[in-house]
Amino acid sequence: MSTPKAPPTVIPTSKGASFVEVLVDCPGTDKLFTYRIPSDLNICPGDILNVPFGARQVGAIAMRCLSDLPPELTTTRILSVVDVVCRNLFPPGYWQILEKVAAYYHTSLMAVIRVALPPGLLQRSQRRIRLHTSINSVDVHGLGTAAQDILTLLQQSPTQDYTWQYLRRQVKKAQVGLRELQQRGLVKSYLQTQAPTQPKQQQVVTFTTLNVPDLTKRQQEILTLLNQEGGELWAQDLLRLAHTSSNTLKKLASKGCITLQQQERLRLETSPIQPDQPRMLTPDQAKVLSQLNRLQGYAEVLLHGVTGSGKTEVYLQAITPVLARQQSVIVLVPEIGLTPQLTDRFRSRFGDRIRVYHSALSDGERYDTWRQFLTSTPQVVIGTRSAIFAPVANMGLIVLDEEHDTGYKQDQPAPCYHARTVARWRAQQEDCPLILGSATPCLESWSQTRRCEPHLSQSKVHYLQLPQRVNARPMPPIEIVDMRLELANRNHSIFSRLLKKRLQELQQKHQQGLLFMPRRGHSTFVSCRSCGYVAECPHCSISMTYHHSPDSRQTLLRCHYCNYTQPQPQACPVCKSSYFRFFGSGTQRVMQELDKTFPELRVIRFDSDTTRRKGAHRQLLNQFARGQADLMVGTQMLTKGIDLPQVQLIGVLAADSLLNIPDFRASERTFQTLLQVAGRAGRGEHPGQVILQTYAPEHPVIQAVQQYSMNTFLINELKQRREANYPPFQQLILLRISGLNETMVENTALDIANYLKAYIQLHRYEGSILGPAPASILRVARRYYWHVLVKRPQAKLGQSEHWPFPRQECQQRCPQNLRLQIDVDPLKLL
Ligand code: ADP
Ligand code: ZN
Ligand code: ZN
């Protein structure tokens, strides 16, 4: 038993194979083990096996069959597989997908399995043995004693089956007997599928009235608090908030001031569920739906619909006929917590056919849900990125909502997979359509609908549009404020005069507003407040990062892609202004300024600091929805899941910190984020207004945002990407080298970069190697990070890569105490 490093020929079944690599289901084991296949067993990847492991027999999953032993194992004693417990647990082709993920993302199969399968999968399952045929007619002649004993027991069982554990206790040499019976096809071994688990029930407290005589002061306090929190809380939350006891709650219930009920935990968090009927579709929606319904087999649809255009309703109605055909559906969302309404809508439409799967589930819940995937009932899996690995069989449709969202990409740990890429492979394999929905599609998805992508033939790609909001409400007008003029007019505040005026009016007009402040980049770019000039790398067209090295008194500007460095100019190279410095202010600074300038304004701060506590997110949103604040100040979080008709003002502070993230996708991120932010206004009667402050009003992205013009943006952006050889025109691979010793990290990065440069030169491969360069956030949690960036042409049709990436060779150059992470198609290049 040991791990092979470079496995020899892999074959799809054990016909002709002598060995099998298995995943042993024991906590703490994180590698594959190799076993011998007995000559009378046929094993396929995905089969559940019994194998000897130490002194015990344990469950294992067959991963791959090998024709011969890997060289490093030839001197080891190889144990044999005991038995096949169960076949076809996973849908056909499931293992090929996992293999493909491992190969494409240059990671181990084990790492992929850890993402795909819940921990302790087999330990929690029970193996059972069942009579296969009517035994009366069976010839038991020549069966061994053990086999006969097992038969007799099974015949006596009212259900004709027993757990294997029980049979083993009752019958001597049960293993031998079972083998005999299985070979004759008399019994079948299987893993018990559990009954669907009951969702967790918990007590919920609902306010009814304060109008009851003889309430103590304390009781009144509790009721008032409950009322302030919206009239409904989990009992345990109320107990904690009000510092009271369940006895007190019972007394209040007996007085009729509150009701106490059991409710399903998940459901309440996503507000109560009412059964819901399909809506009459708008003509646009109807057109899209009929096109979707006409699709047959694999196809990729980009559903480009502005925020509020009714994409979700279209998904729902596209799913209905799929379920009716007895097929299953996977719906991916970027984050469950931020979009509880979405899950609600699916539940109220499809009831208990919904399975919600995400990383916040406990191991037990994950396992329970996962087992339900394996049943053959048609179901709708809703989940975050790892749900793309749900082993549902017979899929009829995959939907990726908000397909541009970066949450679909895993950065850490490996595999650094993108759920969209895996979804594409699964849809191809299941021969079913894949819908990518977004108001702001990412460039990769958009461009492939316009030109032939290597992995698709044009007839398989569709671009469908929902250009209008359902209620035909216009998008709010976007007003651009030139902050350079504010400075010229001696306004040094972070608020422009226009925004100040509108903030002042909020309260008088009983309106609400959102103030969007891009999350402060860890990087700091330098820019001129007088003319808007930003220092950029001449080679990489990304903004340069401000570096202050402790050993030199000089401040440097550095490109963290290619490591180009220059001293920081003291004055603006363009206009000579001395307002040339690094940029950035966080939500805290904004809160202080608000406090100073508008002391009477009621403000909620909504960012990762204030929403860290579980449920805080929803609580703050509820407070705001109830009108307990005039203004909500927040970061990127504001762009998601806020659908409030009373929001009429949106202020965007410093669009520049988005535009100048040192990343070639900065423009794309800015465009998407700003459109998403703008989409939060004007959902009610009033059209609303967006005020966008920037030092670069003439920037093409800002112009495109103002016009809500995806086309303008795309044409310009695709041109730049093509010129600089960035995706979607070329493929990137990011090598992240990290460790505690800075010099060692730097030297290793240099060694790997040099090796790669020589490698592509030797083979005359197309592409380039950038760096090594220190990451723009050089040090995280005491580790230093250096990057090497590989650019190469996109793979040709039918190939997984344009030229073979030498993973082993790079890995070998990385010492044990450093870490090399390979990120294929990276989204975060910081
Ligand atoms: P999107 O997912 O594109 O943002 P939604 O599907 O959430 O849009 O629709 C926006 C709003 O319009 C929701 O409140 C939804 O219930 C409503 N809606 C969607 N389709 C219709 C329709 N055909 N008729 C009436 N209301 C609709
Ligand atoms: Zn200047
Ligand atoms: Zn550069």
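For the reader, a short list of remarks on this structure follows.
- Members of the stretch 576-634 found to be within 32 Å of the chain's Cα centre (by Cα) and closer than 30 Å to L556 by Cβ, listed by number: F583, G584, S585, G586, T587, Q588, R589, V590, S608
- Unmet criterion (only one of (1) in a helix (DSSP H, G or I); (2) surrounded by fewer than 21 Cβ atoms within 10 Å (Cβ to Cβ); (3) modelled with pLDDT of 85 or more) for R618: (3)
- Within the stretch 645-671, being under 17 Å from L506 (Cα atoms) and open to solvent by 20 Å² or more (accessible area, probe 1.4 Å) holds for P645, Q646, Q648.
- From the list E313, E300, the one residue that fits, being among the acidic types (D, E), modelled with pLDDT of 90 or more and part of a strand (DSSP E or B), is E300.
- Looking across the stretch 635-658, the residues that are under 26 Å from the mean Cα position of the chain (by Cα) and closer than 26 Å to F582 by Cβ come down to T635, Q636, M637, L638, T639, A655, S657, L658.
- Subset of the stretch 341-364 [within 16 Å of ligand 1 (Cβ to nearest atom) and either open to solvent by 40 Å² or more (accessible area, probe 1.4 Å) or out of contact with any helix residue (DSSP H, G or I) (no Cβ under 6 Å at 6 or more places or on another chain) (or both)]: Q341, L342, T343, D344, R345, F346, R347, S348, F350
- Test: residue in the stretch 699-713 that is of a type in the set (A, V, I, L, M), open to solvent by 10 Å² or more (accessible area, probe 1.4 Å), without any contact (Cβ under 8 Å) to a residue 24 or more places away in the chain and under 30 Å from Y104 (Cβ atoms): no
- Qualifying positions in the stretch 759-791 - more than 22 Å from C540 (Cβ to Cβ) and not in a strand (DSSP E or B): L762, H763, R764, A781, R782
- Within the option set R807, R792, R819, R813, being in contact (Cβ under 8 Å) with a residue 60 or more places away in the chain, open to solvent by less than 50 Å² (accessible area, probe 1.4 Å) and assigned by TED's automatic domain parsing to the domain that holds D751 holds for one residue only, R792.
- Evaluating N42 against the criteria (1) out of contact with any helix residue (DSSP H, G or I) (no Cβ under 7 Å at 6 or more places or on another chain); (2) modelled with pLDDT under 85 leaves one unmet condition, (2).
- Scanning the stretch 654-695 for residues that are within 24 Å of G407 (Cα to Cα), part of a loop (DSSP other than H, G, I, E, B) and in contact with a helix residue (DSSP H, G or I) (Cβ under 9 Å, 6 or more places away or on another chain) yields A654, A655, N660, I661, D663, F664, R665, G679, R680.
- A count restricted to the stretch 274-324 and to residues that are over 18 Å from L400 (Cα atoms) and among the charged types (D, E, K, R) stands at 5.
- Residue satisfying condition, being among the hydroxyl-bearing types (S, T, Y) and either more than 30 Å from Q636 (Cβ to Cβ) or within 16 Å of ligand 2 (Cβ to nearest atom) (or both), within set Y315, Y367: Y367
- Of the residues making up the stretch 295-340, those that are within 15 Å of ligand 1 (Cβ to nearest atom), touching a strand residue (DSSP E or B) at 6+ places or on another chain (Cβ under 9 Å) and hydrophobic (A, V, I, L, M, F, W, C) are V301, L302, L303, V306, V314, A318, I319, V331, L332, V333.
- Strands (runs of 3 or more DSSP E) fully within the stretch 344-433 counting 2 or more residues that are at pLDDT 90 or above: 380-383, 395-400
- First in the stretch 61-72 and polar (S, T, N, Q), second anywhere and surrounded by 22 or more Cβ atoms within 10 Å (Cβ to Cβ), Cβ under 9 Å, 6 or more apart: S67/F19
- Here R589 fits the description: away from ligand 3 (no atom under 16 Å from the Cβ), among the basic types (K, R) and either within 19 Å of S543 (Cβ to Cβ) or out of contact with any strand residue (DSSP E or B) (no Cβ under 9 Å at 6 or more places or on another chain) (or both).
- Yes/no for L594 being at pLDDT 80 or above, away from ligand 2 (no atom under 16 Å from the Cβ) and surrounded by 18 or more Cβ atoms within 10 Å (Cβ to Cβ): yes
- Any hit, the stretch 552-569, residues being over 29 Å from the mean Cα position of the chain (by Cα), modelled with pLDDT of 85 or more, surrounded by fewer than 17 Cβ atoms within 10 Å (Cβ to Cβ) and among the basic types (K, R): no
- Unmet criterion (only one of (1) open to solvent by less than 60 Å² (accessible area, probe 1.4 Å); (2) modelled with pLDDT under 85) for A146: (2)
- The residue that is nearest to ligand 2 (Cβ to nearest atom), counting only those in the stretch 514-526 that are modelled with pLDDT under 85 and buried (at least 19 other Cβ atoms within 10 Å of the Cβ), is V526.
- Test: residue in the stretch 623-630 that is closer than 24 Å to M483 by Cβ and either in contact with a strand residue (DSSP E or B) (Cβ under 8 Å, 6 or more places away or on another chain) or open to solvent by 20 Å² or more (accessible area, probe 1.4 Å) (or both): yes
The values are calculated or read from the model by the stated rules, or taken from the named source; none is laboratory data. Small disclaimer: the values here were computed from a predicted structure and weren't measured. Methodologically, a virtual Cβ is constructed for each residue, glycine included, from the backbone with ideal geometry; neighbour enumeration extends over all protein chains shown. For the accessible areas, the whole protein counts, side chains as well, though only heavy atoms, and no ligand, DNA or RNA atoms are used. Shrake-Rupley method; radii C 1.70, N 1.55, O 1.52, S 1.80 Å.
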